[in-house]
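> The structure's right below; bear with me while I get my questions together.
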Amino acid sequence: MLKIENLNANVESTPILKGIDLTVNAGEIHAIMGPNGSGKSTLSSVIAGKEDYEVIDGLMTFEGKDLSELDPEERANAGIFLSFQYPVEIPGISVANFIKTSVNAKRKSLGKDPVSASELLKLMREKMSLLGIKEGYISRNMNEGFSGGEKKRNEIFQMAMLSPKLAILDETDSGLDIDALRIVANGVNKLRNKDNATIVITHYQRLLEYIIPDYVHVLYDGKIIKSGDKSLALELEEKGYDWIVKDTK
Amino acid sequence: MENKQQQEERLLEEVTSSEYKYGFTTNIESDTIPKGLSEDVVRLISKKKNEPDWMLEYRLKAYNVWLTMEEPDWANISYKKPNYQDIIYYAAPKTKPVLNSLDELDPEMKKTFDKLGISIDEQKRLANVAVDVVMDSVSVATTFKETLKEKGIIFCSISDAIKDYPDLVKKYLGTVVPNRDNFFSALNSAVFSDGSFCYIPKGVKCPMELSTYFRINESGTGQFERTLLIADEGSQVSYLEGCTAPMRDENQLHAAVVELIALDNADIKYSTVQNWYPGDKNGNGGVFNFVTKRGVCHNNAKISWTQVETGSAVTWKYPSCILKGDNSIGEFFSVAVTNNRQQADTGTKMIHLGKNTKSTIIAKGISAGKSDGNYRGLVKIVKGASNSRNFSQCDSLLMGDKCGSHTFPYIEVNNDSSQVEHEATTSKIGEDQLFYCNQRGIGTEEAIALIVNGYCKDVLNQLPMEFAVEAQKLLEISLEGSVG
């Protein structure tokens, strides 16, 4: 599904990603772990196409399409979803309105007519009950005055509404208490199927107790220095990152 | 993919190449008089309109006042002052048909409406709106008069009102905006060609939104609209005013005067969507919009101004409320968009004279291109206006880095028991917001429209439903291509 080869990217001419290789297939969950500043968030932004990041080398393909030729919205409509670490506020725009705009943008890209209000509402209700979201929530303005947990849940709600092929969860666990974490993780698990894939970016092993990864990658100084199965996450939790760094040097 | 710099360059290109959508003229035979202004011209206008002597006297008095005045230049706008002797002060379609239905409307005029996307038939049927169409200063179609008549509501052109309801006109005309109020109001009083008149009798709630579409249609004709709206004790009315204009090369002067009178316990809601030709990308042409709008509130009365201003090359406009009666309420909700080389100096005045008076100001400015948007507002609470309150919120949204935005709030409070709150913010549409929308599949242009609509929501919500939709579309059109 997603294939990344020798990806090198800069932010304001500072190299951040220094040769990433990663292959994600349908049905898989990959966890990317690493200390602060290792390039985790940069990787997710580069896949999503944020323009502040300059790709200087390497290839990213999504279902065979070269991502470098697609604008961020085209990548989104192709099925790439990024759950933001810091979701932004959009004052005056309700969650429902935003999701409608987003769903219709995707439908338009597929040559479909806009969804009817009743159909959309039905789908929203369905996903809201799946994620344990209360009715009044969708008429609140996008992320305005939301708690950390509400913001993250809003991200997962949008993900549920858009059913992406590839979801990238960027530090979705940060700022969440254990209950919120469980709710968010349950949501992600419920949405999982054999046709979609998930990349979980996280500092801590904690989230991976709820979302069980097939693969764990350690990102350090812009490179994936070690890959393994879920036991690697446990090992990291126990020993920290230093031992791998020493190992690989 | 292009880099940011290239995108911004392209943005500017696109901004400046965005053409005015409603630029066209209608070929209707017009009856015009020679250019220039003199006492004779004032007399001629009055004569052409078959006005009574008292009206002619009113005009002449205003003309003589105007002669002693100078065009104001305190606003934060710069433009080449019009040559007042180079303007035609009167143009009317040659025949003034009396219409029972819209089928009788001049086919050319009908076409104009179709181009504007205003289907009057549809509006009549769907929106329950009575439309008094002012085309080049003379009303040619008035609908729903009968329904209104049953309730005793008068809604007609001001010319008709001068003939048919002289007592009401005499009693109220010029009481809120006196001739000598300012240069443009004096000019308007001298030469106004037409406009609307509305009277809501005591205790009557107007059953429909009253709506007037104004257009400027005769090349080189200044448009001097005069609107007088009287809501008698305990009555209620919502009035809509919207306008578009054909594309022009030379500047067109527009100096309207609107007077609202809300007697005890009356409630007036006045909404405007203004979309006059803003000029080309270099700032050539475009309408000069120098408007004096003011309302007076008697005891327990309320006046609410809502405006969405997207057009005109230069806008000078301060819809105001004089809160004369105790417990009266004034409101001002505004969205003002400037793009390309447009300049706007707009805001409001809330004059608190009565006790326990309240006013609210929500002003949202959006500047794009190389435009300049200014908010200028006065909140004045006199000594006797005890326990009065004002809340003002003035926000500016900037798009790109070549535009400007300024806020000039003037606050005068002369007693201890009153309260004034002022909030102001300036923001730019954030890259992060745009990327967030993009990541949800929403293209940049649409994302801007979404963010802007959210930003203006508090104001758009004040508009009647059909108008709100129109206003939203207008915002999108006005900002089309203004982002990279």
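> Give the average, rounded to an integer, of partner chain Cβ atoms located within 10 angstrom of each Cβ in B:372-382. Walk me through the numbers before you get to the answer.
Details: counts 0, 0, 0, 0, 0, 0, 0, 0, 0, 0, 0.
Across B:372-382, the average partner-chain Cβ count within 10 Å equals 0.
> Enter the accessible area of A:Arg125 (Å², nearest 10), with the probe set to 1.4 Å and all protein chains included.
Roughly 110 Å² of A:Arg125 is accessible to a 1.4 Å probe.
> State the three equivalent ellipsoid semi-axes of the stretch A:113-167, derived from the C-alpha gyration tensor as the square roots of 5 times its eigenvalues, in descending order and whole Å.
On the way: eigenvalues 71, 41, 23 Å².
Equivalent ellipsoid of the stretch A:113-167: 19, 14, 11 Å, largest first.
> Ok, one more. Give me the number: length gained by fully extending A:Ala117 to A:Asp179, i.e. 0.36 nm times residue separation minus the C-alpha to C-alpha distance, one decimal in nm.
19.1 nm
> Suppose only helical runs count, i.e. DSSP H with n ≥ 4. What mean residue ellipticity at 222 nm does that imply for chain A under -39500 (n - 2.57) per run, divided by all residues and rounded to the nearest 500 deg cm²/dmol? List each step's numbers first, then the result.
Values: 8 runs with 92 residues, N = 249.
Result for chain A, helices only: -11500 deg cm²/dmol.
> For B:Glu423 and A:Arg107, what is the calculated FRET efficiency with R₀ set at 41 Å and r taken between the beta-carbons, to the nearest 0.05?
Numbers: r = 39 Å, r/R0 = 0.96.
According to the calculation, E is roughly 0.55.
> Can I ask one more? Which entries in B:Lys49/B:Lys269; A:Lys50/A:Lys127; A:Lys18/A:Lys108; A:Lys106/A:Lys194; B:Lys205/B:Lys358 show an alpha-carbon gap greater than 32 Å?
Numbers: B:Lys49/B:Lys269 30 Å; A:Lys50/A:Lys127 28 Å; A:Lys18/A:Lys108 37 Å; A:Lys106/A:Lys194 22 Å; B:Lys205/B:Lys358 23 Å.
Correct reply: A:Lys18/A:Lys108.
> Stretch B:Lys205-B:Lys402 to full length: gain in nm at 0.36 nm per residue minus the Cα-Cα span?
Values: separation 197, 0.36 × 197 = 70.92 nm, distance 4.74 nm.
Result: 66.2 nm gained on full extension.
> Just by accessible area at a 1.4 angstrom probe, what is the order of B:Thr425, B:Thr346, B:Thr360 from largest to smallest?
Values: B:Thr425 70, B:Thr346 10, B:Thr360 45 Å².
Of B:Thr425, B:Thr346, B:Thr360, the descending order of accessible area is B:Thr425, B:Thr360, B:Thr346.
> Cα to Cα, under 17 Å, and not fewer than 8 places away if on the same chain: which lysines meet these conditions relative to B:Lys48?
Output for B:Lys48: B:Lys35, B:Lys94, B:Lys96, B:Lys163.
> Does the stretch B:330-484 come out rounded, prolate or oblate by the C-alpha gyration tensor, with a ≥ b ≥ c the root eigenvalues, rounded set by a/c under 1.5 and, if not, prolate when a/b is larger than b/c and oblate if not? List each step's numbers first, then the result.
Details: a/c = 2.52, a/b = 2.11, b/c = 1.20.
It is prolate, given that a/c is not under 1.5 and a/b is the larger ratio.
> Can you give the convex hull volume per residue for the Cα atoms of chain A, as a whole number of Å³? Write out the running numbers ahead of the final one.
Details: hull volume 30.9 nm³, N = 249.
So the per-residue hull volume is 124 Å³.
> Can you compute the modelled spin-label distance between B:Ile477 and A:Lys246, with each label point 7 Å from Cα toward Cβ, in nm?
Calculated label separation equals 7.1 nm.
> Hey, in the GNM for chain A with a 10 angstrom Cα cutoff, which one of A:Ala105, A:Ala233, A:Ala48 fluctuates hardest?
Its mean-square fluctuation being the largest, the pick is A:Ala105.
> Accessible area of A:Lys50, 1.4 Å probe, to the nearest 10 Å²?
40 Å²
> At a probe radius of 1.4 Å, what is the per-residue accessible area of B:Leu56, in Å² to the nearest 10?
Surface accessible to solvent at B:Leu56 totals approximately 30 Å².
> Moving on to the next point. Rounded to the nearest 0.05, what FRET efficiency do B:Asp164 and B:Lys61 have when you use their Cβ-Cβ distance and R0 = 30 Å? Working shown, then result.
On the way: r = 23 Å, r/R0 = 0.76.
The calculated FRET efficiency here is 0.85.
> Provide a whole-number value for the mean count of partner chain Cβ atoms within 10 Å of the Cβ atoms in peptide B:440-452.
On the way: counts 16, 21, 10, 9, 3, 0, 5, 4, 0, 1, 8, 5, 1.
Partner-chain Cβ atoms within 10 Å, mean over residues of B:440-452: 6.
> Then there's this: Work through the residues other than A:Thr14 whose Cβ is under 14 Å from its Cβ and net out their charges, Lys, Arg +1 and Asp, Glu -1. Show your work: numbers first, answer last.
Details: positive: A:Lys18; negative: A:Glu12, A:Asp52, A:Glu54, A:Asp221.
Computed value for this residue: -3.
> Also, I was wondering about something else. Which FRET efficiency, nearest 0.05, do B:Thr147 and B:Asp458 yield, Cβ-Cβ r, R0 41 Å? Kindly include the intermediate steps, with their values, before the conclusion.
On the way: r = 33 Å, r/R0 = 0.80.
After rounding, the FRET efficiency stands at 0.80.
> Add +1 for every Lys or Arg and -1 for every Asp or Glu among the other residues with Cβ under 12 Å from the Cβ of B:Leu37, and state the total.
Details: positive: B:Lys35, B:Arg43, B:Arg59; negative: B:Glu39, B:Asp40, B:Asp86.
Net local charge, B:Leu37 excluded: 0.
The values are calculated or read from the model by the stated rules, or taken from the named source; none is laboratory data. These numbers come from a predicted model, not from an experiment. Using ideal geometry, Cβ is built from the backbone for each residue, glycine included, and neighbour counts are taken over all protein chains shown. Note: accessible area is taken over every heavy atom of the protein model, side chains too, but ligands, DNA and RNA are not part of it. Shrake-Rupley method; radii C 1.70, N 1.55, O 1.52, S 1.80 Å.
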